[in-house]
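Here the structure is laid out as structure tokens; the discussion comes afterwards.
The values are calculated or read from the model by the stated rules, or taken from the named source; none is laboratory data. Treat the numbers as computed from the prediction; the structure is a model and nothing was measured. Note that we place each Cβ from the backbone using ideal geometry, even for glycine, and neighbour counts take in every protein chain shown. Just the protein is used for accessible areas: all its heavy atoms, side chains included, with ligands, DNA and RNA removed. Shrake-Rupley method; radii C 1.70, N 1.55, O 1.52, S 1.80 Å.
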Amino acid sequence: MAHTRSRLASFVFDNSLLLLAGTIAAVTWANLDVASYERVAHSLRFWVNEVGMVFFFALAAKEVFEATLPGGALASPRHALSPLSAAVGGMVAPAVIYLALSSAVGPAELSRGWAIPCATDIAFSAMIARVIFRRGHPAIPFLLLLAIAVDALGLMILAVFYPSGPLSVIALATLMTAALFTALWLRRRPIRSFRPYLIVPGVLSWAALHFGGVHPALALVPIVPFMPHSARDLELFEPRDAGHIDTLNQFEHWWAVPVQFVLLLFGLATAGVPFEQIGPGSCYVLAGLLIGKPIGILLFSGAARLAGASLPQGLRLADLFVVGITAAIGFTVSLFFATAAFSPGAALAETKMGALLSFGAAPLALVASRLLRARAT
């Protein structure tokens, strides 16, 4: 019985099903009584979006950082070129489609949301990929690498294009310098706990971003590489060795479950949109994701092949097309970009609805895989 409960909990956490539960609760609540939903959600948003999500982005930054270590999937330029190119294509094409539609059809204010369809939700995309492809199929690690690269680029976009307030270079530089020097000092001490990194440089970094005008959810991203870590990547797609207790992996093991509850609250505080709020912004986000993702991934992967990169052995172009559709599930980071891009109002509601409806990529990917498999046989 205990083993069954453990497996069930692992399935729920590994596939971010608490986030899905929070989202369903928010959408249901908002469509039953939007006024009471907004009162509760408003009281949660600061603590969830600007404090709790710090740890979500920190875990994403950890995966990106470890993938660049020796032995990591992104350590070799030759091996990284194909998924990195696919990631860039899977961001550029959706942004271009979104901007083209918002410019041609309007309203013009929606153009600020161009980054919303750039995102790929790692957990949900990977879950659908595991349903479509057999165990050990190269499409699954390729999709995970692509999504990790999208995360890394997404962090840069969030920092550069979506400031949380007026930029204050002095506050940003002064406090961030103090944060980084403190993190370096801790790294050189015989301190193996991750907690001092959160309490001192983490808080200083949060203050630097908050008062400097950059979104504070990125506070731990520059601190993560300073935590003591393995000299090599510990196989990105395999479960971590519980006996390997470097500081960075301590941090991941401790925060992996709490972050799932942060995502539950994130879905609850962010995703509540009445269905009547579907509008042009919803269509632009969906067009960018469902059309732009597979097209961009295919085109840029092809360009990478011309430049000398190769797809993983066993990954066909048909598989890559299905990967592109699967990667169109934007959800978590798309919702976050929407809240960063727009103040409460019609534009925010419409684009959030587009992020939620991107779950439609899942059945599309399943149908495409069946059709392509039938044509190949």
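Observations on the model:
- Test: residue in segment 116-136 that is in contact with a Cys (Cβ under 9 Å, 6 or more places away or on another chain), buried (at least 24 other Cβ atoms within 10 Å of the Cβ) and under 17 Å from VAL64 (Cα atoms): no
- In segment 222-241, of all residues being at pLDDT 90 or above and not in a helix (DSSP H, G or I), the one that is most open to solvent (accessible area, probe 1.4 Å) corresponds to PRO222.
- Any chance SER111 is open to solvent by 30 Å² or more (accessible area, probe 1.4 Å), farther than 25 Å from SER205 by Cα, hydroxyl-bearing (Ser, Thr, Tyr) and assigned to a helix (DSSP H, G or I): yes
- Filter result for the condition that a residue is closer than 20 Å to LEU335 by Cβ, free of Cβ contacts under 8 Å to residues at least 40 places away in the same chain, part of a helix (DSSP H, G or I) and not basic (Lys, Arg), over VAL200, VAL160, VAL150: VAL160
- Scanning segment 323-349 for residues that are of a type in the set (A, V, I, L, M, F, W, C) and either farther than 17 Å from ALA119 by Cα or free of Cβ contacts under 8 Å to residues at least 60 places away in the same chain (or both) returns ILE325, ALA346, ALA347, LEU348, ALA349.
- For segment 350-377, the tally of residues that are open to solvent by less than 20 Å² (accessible area, probe 1.4 Å) and more than 12 Å from CYS283 (Cα to Cα) stands at 5.
- Scanning segment 269-302 for residues that are open to solvent by 50 Å² or more (accessible area, probe 1.4 Å) and assigned to a helix (DSSP H, G or I) yields PHE275, GLU276, GLN277, PRO280, CYS283, LEU290, ILE291, ILE295, LEU298, LEU299, PHE300.
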